[in-house]
1. Counting only residues that are surrounded by fewer than 17 Cβ atoms within 10 Å (Cβ to Cβ) and in contact with a strand residue (DSSP E or B) (Cβ under 9 Å, 6 or more places away or on another chain), which one in the range 101-112 is nearest to residue 31 (Cα to Cα)?
2. Applying the selection to the range 149-179, what residues are under 19 Å from the mean Cα position of the chain (by Cα), assigned to a strand (DSSP E or B) and within 16 Å of ligand 1 (Cβ to nearest atom)?
3. What is the number of the single condition among (1) surrounded by 15 or more Cβ atoms within 10 Å (Cβ to Cβ); (2) assigned to a loop (DSSP other than H, G, I, E, B) that residue 202 does not meet?
4. I'm trying to understand the selection: among the residues of the range 120-138, which are surrounded by fewer than 19 Cβ atoms within 10 Å (Cβ to Cβ) and touching a helix residue (DSSP H, G or I) at 6+ places or on another chain (Cβ under 7 Å)?
5. State yes or no: is residue 67 part of a loop (DSSP other than H, G, I, E, B), in the same structural domain as residue 109 (by TED's automatic domain parsing), within 16 Å of ligand 2 (Cβ to nearest atom) and at positive phi?
6. Does residue 113 satisfy the condition of being more than 16 Å from ligand 1 (Cβ to nearest atom) and closer than 28 Å to residue 35 by Cα?
7. For residue 217, only one of the following conditions fails: (1) at pLDDT 95 or above; (2) within 14 Å of ligand 2 (Cβ to nearest atom); (3) crowded, with 21+ Cβ neighbours inside 10 Å. What is its number?
8. For the range 214-226, enumerate the residues that are within 14 Å of ligand 1 (Cβ to nearest atom) and either closer than 21 Å to residue 296 by Cβ or not in a strand (DSSP E or B) (or both).
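The values are calculated or read from the model by the stated rules, or taken from the named source; none is laboratory data. Bear in mind that the values here come from a model prediction, so they are computed numbers and not experimental data. Because the Cβ atoms are built from the backbone with ideal geometry, glycine has one as well, and the counts that use them run over all protein chains shown.
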Ligand code: PLP
Ligand code: COI
């Protein structure tokens, strides 16, 4: 293993030693296999390649000050992968298989878990796709479930520093009754073009609106959106966004801090009434937003006028990461220690 500069790791792929795999064949999941190859051999007619039968997950392992390695709410990721699998007619990996795969992938690559205090963590990427051959549009009869890991730093280069984002009016990531609530690759494919336009224009990410009316806020690129208004934590209710585990946790923490939690439709005009806004997710953690530009409508909203994250966003951020790294009491039972 080459020396890794933990403190300056980007959010990206870094080769590790092993990944784990299980095939679904003839109606059952096979024994978990350990592989040291970064490649998979795939049939050219696999449904994962042609018809988008593919889903993934993202969670992290955190090294604590006490030397213990914790996973954050892995059961929620297992459940969401099962929902995604059901949503696009794939074989469903049972939670025990998901757990065995994730825990083993962490154990087998323990040298790659970033040390406490570096701000980095071990990103875990479970992947599921149709590996069976089909030419007609039908679900496959074979699937591959694979878990690899990669040590990562912050998703946005700004880290916890406020970012600028751009409203997308020309592109939707998901249809109202489509696959937006599943973590399937097609949603990300639909977001690539506008994502690149936004980056080119100097924005960190994109704010998607509801595809039907373009009136309500959906989500912020690969992260959910939240706002603070007075004593309320407000986040969109929409059937086309990914149910974020980070957001779900922040809602609990917000309530615990005495904030009122509102999960409802958020009209874009409401942006002028918010005190703080942010994006949240496993990769993004909390990214405070300092500017939202609706370029086509010639409108923009500015926050964090002193250049810093808002007070409530900062409190939420610290409460969350303190639980993840084991620095605060895990009073909601969200973390599981991995025996290395
Ligand atoms: N929304 C999208 C589209 C995402 O890709 C992610 C990342 O997983 C999230 C939201 C945040 O979800 P979570 O907090 O479960 O990581
Ligand atoms: C995550 O937060 O886990 C994500 O899914 C972000 C991403 C697609 C890189």
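1. Start the filter on the range 101-112 by keeping residues that are surrounded by fewer than 17 Cβ atoms within 10 Å (Cβ to Cβ), which leaves 107, 110-111.
Next, from what is left, pick out any that are in contact with a strand residue (DSSP E or B) (Cβ under 9 Å, 6 or more places away or on another chain): 107, 110.
Working: 107: 17, 110: 22 Å.
Checking each candidate, the answer is 107.
2. Within the range 149-179, 149, 150, 152, 163, 165 meet the criteria.
3. (1)
4. As a first pass, look at the range 120-138 and keep what is surrounded by fewer than 19 Cβ atoms within 10 Å (Cβ to Cβ): 125, 133-138.
Once the filter is applied, which keeps residues that are surrounded by fewer than 19 Cβ atoms within 10 Å (Cβ to Cβ) and touching a helix residue (DSSP H, G or I) at 6+ places or on another chain (Cβ under 7 Å), the range 120-138 yields only 134.
5. Numbers: part of a loop (DSSP other than H, G, I, E, B): yes; in the same structural domain as residue 109 (by TED's automatic domain parsing): yes; within 16 Å of ligand 2 (Cβ to nearest atom): no; at positive phi: yes.
The answer is no for residue 67.
6. Numbers: more than 16 Å from ligand 1 (Cβ to nearest atom): yes; closer than 28 Å to residue 35 by Cα: yes.
Answer is yes for this residue.
7. Condition (2) is where residue 217 drops out.
8. Start the filter on the range 214-226 by keeping residues that are within 14 Å of ligand 1 (Cβ to nearest atom), which leaves 217-226.
Hits for the range 214-226 are 217, 218, 219, 220, 221, 222, 225.
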